[in-house]
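Have a look at the structure below, then the notes.
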Amino acid sequence: MTLTEKRAWITLVVTVVTYSGYVITVLRRADGRALHDVSYAGPLLSTIGIAMVAAIVLEILVGIVTPNASRATDVRDKEIGRLGEYIGQSFVAIGGVAALLMALAEWDWFWIANVIYLNFALAAVLAAVAKVVIYHRPFPL
């Protein structure tokens with residue numbers, strides 16, 4: 001497994017775990033109240049920070065555990081990375097349009113912030129899944 005594929009796995013796992021933790025936290029805080037009344041900014045920002053730190057720490061640990069792993073990337077790695085990012089970025093665009101429409105309709109900030117966060121998480125997951133799948137399939141250059 002190449003280092004770039006390991007990074008894709010790290011991104012996938014960290015994103016799913018931290019976003020799930022955020023959703024669970026918000027749902028627990030709701031405790032029967034309307035979701036838009038829940039204090040969400042702190043958990044949202046902290047899970048984003050935790051995800052960033054966790055990804056960095058896991059990449060360092062992977063580097064320590066597999067010190068002989070090649071850090072060189074070839075054309076295939078670069079193309080897979082680029083294709084995966086192109087696929088993931090579609091959700092960033094969808095999220096931007098959705099948030100814009102929600103803002104124009106004057107929806108509550110809770111929903112706008114959460115649709116943006118959901119789409120960033122989906123973009124990261126989709127990009128990582130695409131990269132992992134492409135690594136295990138023939139990829140013409």
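The values are calculated or read from the model by the stated rules, or taken from the named source; none is laboratory data. This one's a predicted model, so the numbers in the text were calculated from it and none came from an experiment. Note that each Cβ is placed from the backbone with ideal geometry, even for glycine, and that neighbours are counted across all protein chains shown. Surface areas here come from the heavy atoms of the whole protein model, side chains and all, with no ligands, DNA or RNA. Shrake-Rupley method; radii C 1.70, N 1.55, O 1.52, S 1.80 Å.
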In the list 35, 58, 83, which residue meets the criterion of being in contact with a helix residue (DSSP H, G or I) (Cβ under 7 Å, 6 or more places away or on another chain), touching a residue at least 40 places away in the same chain (Cβ under 8 Å) and over 21 Å from residue 5 (Cβ atoms)? 35
Residue check for residue 63: under 18 Å from the mean Cα position of the chain (by Cα) and among the small types (Gly, Ala, Ser): no
Residue match in the stretch 56-78 (condition: under 21 Å from residue 127 (Cα atoms), of a type in the set (Asp, Glu) and exposed (fewer than 14 other Cβ atoms within 10 Å of the Cβ)): yes
Report the residue count in the stretch 3-27 for those that are open to solvent by 30 Å² or more (accessible area, probe 1.4 Å), in contact with a helix residue (DSSP H, G or I) (Cβ under 6 Å, 6 or more places away or on another chain) and of a type in the set (S, T, N, Q). 3
Here are the criteria: (1) open to solvent by less than 50 Å² (accessible area, probe 1.4 Å); (2) within 30 Å of residue 137 (Cβ to Cβ). Tell me which single one residue 113 does not satisfy. (2)
Residue satisfying all of: in the stretch 28-55; exposed (fewer than 13 other Cβ atoms within 10 Å of the Cβ) and among the basic types (Lys, Arg); farthest from residue 13 (Cα to Cα) among these: 33
If I ask for residues that are under 11 Å from the mean Cα position of the chain (by Cα), at pLDDT 95 or above and among the aromatic types (Phe, Trp, Tyr), which ones from the stretch 81-119 would you list? 117
